[in-house]
Amino acid sequence: MKNTVLGFCFLLMFSNVLSQEKATLSGYIKDGSDGETLIGATIYITSLKTGVTTNVYGFYSITLPKGEYAIDFSFVGYVTESRTITLNQNIRLDLELTSQSKQLQEIVISGSAELSRVQSVEMSVNKIDISTISKIPAFLGEVDVIRSLQQLPGVTTVGEGASGFNVRGGSVGQNLVLLDEAAVYNSSHLLGFFSVFNPDAVKDVKLYKGAIPAQFGGRISSLLDVRMKEGSNKDYEVNGGVGTIFSRLAVEGPMLKEKGSFIVAGRRSYIDILAKPFVDVLSDGARLNFYDLTGKGNYNINSKNRIYLSGYTGRDNFFFAKDQGFSWGNNTATLRWNSILNDRLFANFSGIYSKYDYALQFGEDERDFFKWKSSITNYTFKPAFSYFINSENEISFGAEGNYYRFDPAIASGASSGDVIDISLPRKYNLETAFYIGNSQRINNTISVEYGLRYSYFWGFGPGNQYTFNDTTAGVRRTPVEVTSFNRGEVMSDYGNFEPRMSVKAQLTPNSSLKASYIRMAQYLHLISNTTASNPLDVWTPSSNNIRPELGDQYTLGYFKDLGKEQQYEFSVEAYYRDTKNQIDYIDGADLLINEFLEGDLLTGIGRAYGLEFYVQKKTGRFNGWVAYTLGRTELKVEGINRGNWYPTRFDQTHNLKVTGFYEVTKRLSLSANFTLLSGTPTTFPTSRFIQQGILIPYNESDSRNNVRIPAFHRLDFSARLDGKKVKKNGQPRKNTDYLVFGIYNLYARKNPFSIYFSQADERFTPGQPIESRATQLSIIGTMVPAISYNFQF
């Protein structure tokens with residue numbers, strides 16, 4: 001590590017010497033209509049056939065030998081700005097690009113916002129434009145970020161009504177989900193049917209399935225980076241929509257004499273309000289709703305310094321009586337300071353707060369009840385720097401500190417007035433990391449991105465640390481020794497190096513070959529043994545009994561643009577990930593409010609491998625994509641399945657997604673998507689025995705996930721009708737609006753979510769065989785029509 005730092009310092013000094021006869025062009029690229037910075041806009045030097053892209057804050061910097069250059073500034077969906085610039089000294093150039101006519105808009109799903117996936121070094125990365133997300137058919141006609149991601153290769157879910165998403169065989173808890181850099185521990189509303197991200201406030205969505213840069217860490221499967229809009233600094237705007245199940249409203253505009261801007265967006269479901277006059281239980285205090293509020297503001301201190309403040313709060317309420325039910329919610333806040341330290345050194349400092357909590361309660365009154373609350377809270381500080389050495393090298397370096405506080409259970413119960421406190425002690429942890437990385441263009445053929453991250457994790461007192469007995473694998477372990485720690489004492493600690501490497505070989509102007517390797521470490525674990533992740537799953541930190549999860553992923557891909565105008569894109573990626581310290585559970589594990597939870601956990605190794613095929617037509621009246629993934633995800637844990645490999649609950653061999661868009665007229669457009677997935681694995685009994693007339697299923701072979709439920713397939717359809725854009729007098733309308741008509745599950749497929757067995761209700765006659773039945777549970781087994789009205793003024 002010491003040699004790495006010394007080498008980096010030498011590189012900076014060496015680059016400064018070389019740059020004495022050079023000059024730097026830097027600045028921000030923004031949307032001319034509202035002043036929003038553009039992430040991934042391209043600055044291309046035509047004579048040198050090289051260029052750079054803007055970072056996540058819209059800033060760029062390129063250092064070149066002094067001289068005159070023809071430079072193109074471009075971004076998908078915007079008119080390219082061409083300038084001839086005499087670069088004889090450092091120049092600050094901020095530009096605003098003009099949006100193209102809507103007739104020329106294209107579907108945007110790429111490796112970066114302007115460079116195609118063929119040209120970019122990035123691989124295993126998908127960036128979905130919010131305008132594309134708004135066109136994809138959605139449940140009840142409501143635009144949704146997470147459901148749109150599930151139309152991409154390598155992204156799946158275990159079924160309708162399942163929270164979160166799975167990436168390349170990883171579990172829901174192995175995805176790092178960020179909203180303006182703040183961790184989101186549960187990304188779902190309404191048990192997975194909607195996400196917590198309000199599309200009116202979302203600016204940029206980027207999913208890393210592999211090749212994750214060194215500045216990110218903490219999960220071993222994927223990274224979803226969602227960036228919020230900053231708000232228009234030109235004019236005040238109001239956006240909103242009225243749908244079948246909820247309504248939304250967003251307000252944005254300039255503030256503080258146009259030196260800043262803001263956006264506030266809110267949503268609330270109202271099915272409980274509409275049904276209240278007709279459903280008695282809702283009149284007695286029951287609640288069935290969700291809401292969220294998203295906000296962001298920014299202020300330009302001067303030309304080199306800018307501050308941002310953003311936040312989110314949201315909650316789901318499922319109460320079947322006034323005091324019986326459960327709820328969950330996220331709260332985040334992010335304070336950031338951008339600073340241009342010099343023409344080539346950009347800095348960002350972020351202070352972040354995030355909390356996820358859930359609560360469960362039931363009972364008749366204060367004499368007979370059960371109440372349980374749980375939460376995870378973390379505070380984060382992240383200094384991050386980008387040093388633009390020249391047009392061929394961009395170094396990023398920085399640090400991150402995360403302080404965690406876990407409340408696994410604040411719980412109590414009462415019976416006939418006798419109250420018992422069954423709360424579990426709070427846990428305290430600290431995770432730190434340092435990283436350095438470089439994006440380097442070696443020549444016209446080879447480009448690389450490489451970096452190193454070092455992370456360290458501590459568990460602190462006060463608290464008790466348990467040592468469990470050695471027993472037969474798969475059997476509950478019991479504590480044999482307990483060690484107590486005082487406040488601030490180190491209870492456990494782990495450290496891991498996490499190298500990252502990506503290489504691109506540009507075979508032709510329209511084709512490239514890429515490879516990558518990453519190692520990721522995960523110190524927080526989502527404990528869940530249900531069919532699908534749910535809001536009451538438990539987050540727990542690494543300890544003396546739970547080691548950090550480690551994942552090594554290797555990826556190889558081929559990318560090619562096709563057609564006279566490169567309107568078609570084809571890619572195929574092969575991936576292999578091996579993982580260590582994967583968590584599974586003994587049969588009958590007790591995961592909730594269990595002080596000795598670690599005794600019910602088992603650990604082993606895992607592997608996920610597969611092929612992802614992707615074909616996209618990006619332009620024209622008819623466009624869309626086809627995504628197919630062939631993959632396997634398996635675990636090997638001593639004490640489960642007799643020590644042999646077995647498929648995980650979210651393993652899906654075949655995953656086919658077809659998404660299409662067709663512009664019928666300038667006002668009417670149609671879209672549809674079709675999904676076909678292999679059935680997910682589940683465990684069925686292999687035999688049975690009868691005791692006192694009761695049929696008891698039995699797994700004689702001790703197998704895990706030994707069968708698959710039937711395949712999942714569904715067709716969704718939607719039509720969008722835009723309002724008239726011209727008044728009767730020929731003048732353009734200032735306001736815009738449109739209607740969306742949608743049908744979810746067009747042919748009413750009853751897709752299985754799970755299958756369970758039960759004994760027949762009829763009385764048992766001695767000497768006669770006992771009848772048992774298998775029941776298939778479908779979350780949505782019918783066609784669901786919807787309509788929504790959306791507006792902007």
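The values are calculated or read from the model by the stated rules, or taken from the named source; none is laboratory data. A quick note: this is a predicted structure, and the numbers were derived from the prediction, not measured. Positions of Cβ are backbone-derived with ideal geometry, glycine not excepted, and every protein chain shown enters the neighbour counts. Each accessible area value is taken on the protein alone, full model and side chains, heavy atoms only, with ligands, DNA and RNA left out. Shrake-Rupley method; radii C 1.70, N 1.55, O 1.52, S 1.80 Å.
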message = Quick check on the range 660-671: of everything there that is part of a strand (DSSP E or B) and touching a residue at least 40 places away in the same chain (Cβ under 8 Å), which residue is most open to solvent (accessible area, probe 1.4 Å)?
response = Tyr662
request  = Please specify each residue of the range 99-127 satisfying the condition of being at pLDDT below 90 and among the β-branched types (Val, Ile, Thr).
outcome  = Ile107, Val108, Ile109, Val118
task = Residue by residue through the range 177-186, note down the ones that are open to solvent by 10 Å² or more (accessible area, probe 1.4 Å) and small (Gly, Ala, Ser).
result = Ala183
inquiry  = Can you report the number of residues in the range 139-164 which are in contact with a helix residue (DSSP H, G or I) (Cβ under 7 Å, 6 or more places away or on another chain), part of a loop (DSSP other than H, G, I, E, B) and more than 17 Å from Arg749 (Cβ to Cβ)?
reply    = 3
message = For the range 410-464, give me each residue that is more than 25 Å from the chain's Cα centre (by Cα), hydroxyl-bearing (Ser, Thr, Tyr), under 30 Å from Thr63 (Cα atoms) and open to solvent by less than 60 Å² (accessible area, probe 1.4 Å).
response = Ser447
note = The residue that is nearest to Ser339 (Cα to Cα), considering only those in the range 279-297 that are open to solvent by less than 70 Å² (accessible area, probe 1.4 Å) and at pLDDT 95 or above, is Gly297
ask   = Which residue, of Ser512, Ser502, is within 19 Å of Asn438 (Cβ to Cβ) and at pLDDT 95 or above?
value = Ser502
task = Looking at (1) touching a Gly at 6+ places or on another chain (Cβ under 8 Å); (2) of a type in the set (D, E, K, R); (3) open to solvent by less than 10 Å² (accessible area, probe 1.4 Å), find the lone condition where Lys657 falls short.
result = (1)
remark   = Residue set Lys229, Lys209; condition open to solvent by 10 Å² or more (accessible area, probe 1.4 Å) and on the phi < 0 side of the Ramachandran plot; output residue Lys229
remark   = In the set Ser543, Ser502, the lone residue that is more than 20 Å from the chain's Cα centre (by Cα), hydroxyl-bearing (Ser, Thr, Tyr) and under 21 Å from Phe468 (Cα atoms) is Ser543
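Listed residues Lys636, Lys734; which is within 27 Å of Thr157 (Cα to Cα) and basic (Lys, Arg)?
The match here is Lys636.
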message = Looking at the range 614-631 only, could you name the residues that are modelled with pLDDT of 95 or more and either in contact with a Phe, Trp or Tyr (Cβ under 6 Å, 6 or more places away or on another chain) or β-branched (Val, Ile, Thr) (or both)?
response = Val615, Val626, Ala627, Tyr628, Thr629
key: Selection from the range 672-710 of residues that are assigned to a loop (DSSP other than H, G, I, E, B), among the β-branched types (Val, Ile, Thr) and buried (at least 17 other Cβ atoms within 10 Å of the Cβ)   = Thr680, Ile709
Entirely in the range 471-586, the strands (runs of 3 or more DSSP E) that have 3 or more residues that are buried (at least 18 other Cβ atoms within 10 Å of the Cβ), touching a residue at least 40 places away in the same chain (Cβ under 8 Å) and not basic (Lys, Arg) = 490-508, 511-522, 524-527, 538-541, 549-562, 568-585
ask   = Failed condition for Lys257, given (1) crowded, with 22+ Cβ neighbours inside 10 Å; (2) free of Cβ contacts under 8 Å to residues at least 60 places away in the same chain; (3) assigned to a loop (DSSP other than H, G, I, E, B), with all others met?
value = (1)
inquiry  = Name the single residue that is nearest to the chain's Cα centre (by Cα) among those in the range 715-734 being surrounded by 10 or more Cβ atoms within 10 Å (Cβ to Cβ) and part of a loop (DSSP other than H, G, I, E, B).
reply    = Gly723
inquiry  = Can you list residue pairs whose Cβ atoms sit under 6 Å apart, with the first residue in the range 607-621 being over 15 Å from Gly557 (Cβ atoms) and the second being of a type in the set (D, E, K, R)? Count only pairs 6 or more apart in sequence or on different chains.
reply    = Arg607/Asp578; Arg607/Glu634; Ala608/Arg168; Ala608/Arg577; Lys618/Glu106; Thr619/Glu106; Arg621/Glu663
task = For residues that are over 30 Å from Ser678 (Cα atoms) and modelled with pLDDT of 90 or more, scanning just the range 735-754, find the one that is surrounded by the fewest Cβ atoms within 10 Å (Cβ to Cβ).
result = Leu739
query = So, in the range 637-654, of the ones that are over 27 Å from the mean Cα position of the chain (by Cα) and open to solvent by 30 Å² or more (accessible area, probe 1.4 Å), which residue ends up modelled with the lowest pLDDT?
reply = Arg642
Elements of type strands (runs of 3 or more DSSP E) contained in the range 165-234, each with 3 or more residues being at pLDDT 95 or above and touching a strand residue (DSSP E or B) at 6+ places or on another chain (Cβ under 6 Å) = 175-179, 222-228
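Scanning the range 298-347 for residues that are over 22 Å from Leu191 (Cα atoms) and small (Gly, Ala, Ser), which turns out surrounded by the most Cβ atoms within 10 Å (Cβ to Cβ)?
Restricting to residues being over 22 Å from Leu191 (Cα atoms) and small (Gly, Ala, Ser), the top hit is Ser310.
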